[in-house]
Amino acid sequence: MEWTAAPARLATASADFEADFAACLHWSAETDAAIEQRVADILADVQARGDAAVLEYTERFDGLPADSVAALELSQAELKAAFDALPPAQRDALQAAAHRVRKYHEAQKKASGESWSYRDEDGTLLGQKVTPLDRVGIYVPGGKAAYPSSVLMNAIPAHVAGVQDIVMVVPTPRGEKNPLVLAAAYVAGVSRAFTLGGAQAVAALAYGTATVPKVDKITGPGNAYVASAKKRVFGTVGIDMIAGPSEILVLADGTTPPDWVAMDLFSQAEHDELAQSILLCPDAAYIDAVQREIDRLLPTMPRAEIIAKSLSGRGALILTRDMEEACAISNRIAPEHLEVSSRDPHRWEPLLRHAGAIFLGAYTSESLGDYCAGPNHVLPTSGTARFSSPLGVYDFQKRSSLIEVSEQGAQTLGAIASVLAHGEGLQAHARAAEMRLKG
């Protein structure tokens, strides 16, 4: 069957633009009520019955029977064997990507992840102590596709942050293990790995079982059940984010080959039917050229059906008055991935305030960021880039304030605290400060 893709065609000069634009962006993040209830039941069951419940759901949902959860744990020897058995090209690519991801996150740690302190003139020490989390869980999607890149992007920044215990869960429906995923776990320094998935895996990590250790934080993407489970266990453990469908926005000035841009739009559309691909451009003829390339290239794509449904259902080609307006609209969208596909991307970058990751220049395809450029590919979606950031070293660290007040400093600070505490009606607070005052 031959598929066609018809992204919405909008123009900012149109009187109907705002309404059409809002309709294009609309996506309900509400999880189906039946999924919410099912997830709640699974979490409660795993919390109550531990390994027994995990085994039951793993057999039911993944078709993977086992006598014990311990039998579903992957040994370090098995991870290394998977790495050793890879074709040399895959081994080299995995190690090269891991090196770049590690190098980037090491630079990130040096820039923002170190403890610091200073002393006032009276000898009082003030500062911040940065320490890694003890144990984190990383969820790696499996089933329809395998994602070794997700292993690198979640495990390596945790490793760089200093986390000592990294527990990976990955579904392996019917016991089918992906060698690249296992090899990536070996390369990234995963401590323990279990062939578990779904809400039951999230529950096992959050609450702990006789076999799966309780973690402090869970990161990594998953399906609606995984997203719902992460949302429900937040507070018991930390989470990175609740991820929505993948997104790309290409901001183009018409100088990039149109087939490049068409394929970049495909690169997100092929994830699933709800993924969103948008082009913003002030050149109508160029938009027409991109549409022609979409029509020409679509039949050559193995995932043509998914791409066609994504572009037709949620895609858009938007004609703007100029590049400045395109930048303003981009800020309103706050996309997960933002490509500035122009001759002079650094001219426009200062105008761009909200995006998960910004890809500058025609040669910087979003797919390079997904795999091997170095920065993290776990990014905020659904407009949350307005207030949140990519996954990074800082997500696997916590900060403790350091306060050491000198005897001299207590005289100044004590008097201030006493006045404020009395004003709040908290006399014990005031007295504790006053006891340290001289005279």
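Tabulated data
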| quantity | calculated |
| --- | --- |
| Segment E73-A85, extension gain: residue separation times 0.36 nm, minus the distance between their alpha carbons | 2.4 nm |
| Under 19 Å from the R119 label point (7 Å along Cα→beta-carbon), backbone N, segment 389-413 | 402-413 |
| Computed E for K110/E2 - FRET, C-beta separation, R0 60 angstrom, nearest 0.05 | 0.70 |
| Unsatisfied cross-links (Cα-Cα over 23 Å) in the set K110/K214; K109/K217; K80/K177; K110/K231 | K110/K214; K110/K231 |
| Model label zone, A19; criterion: amide N under 19 Å from point 7 Å along Cα-to-beta-carbon; scope segment 327-366 | none |
| Unit charges on C-beta of K, R, D, E only; dipole of the chain, Debye | 1100 |
| Residue among L72, L297, L55 with the largest mean-square fluctuation in a Gaussian network model of the chain, springs linking Cα atoms under 10 Å | L297 |
| Which label in [x] 0.93; [y] 1.22; [z] 1.05 gives the computed Rg/Rh (Cα atoms, Kirkwood Rh) | [z] |
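Bear in mind these aren't lab numbers, they're just calculated from the coordinates by the rules spelled out. Values in this document were obtained by computation on a predicted structure and should not be read as measured data. Here Cβ is always computed from backbone atoms with ideal geometry, including for glycine, and neighbour counts include all displayed protein chains.
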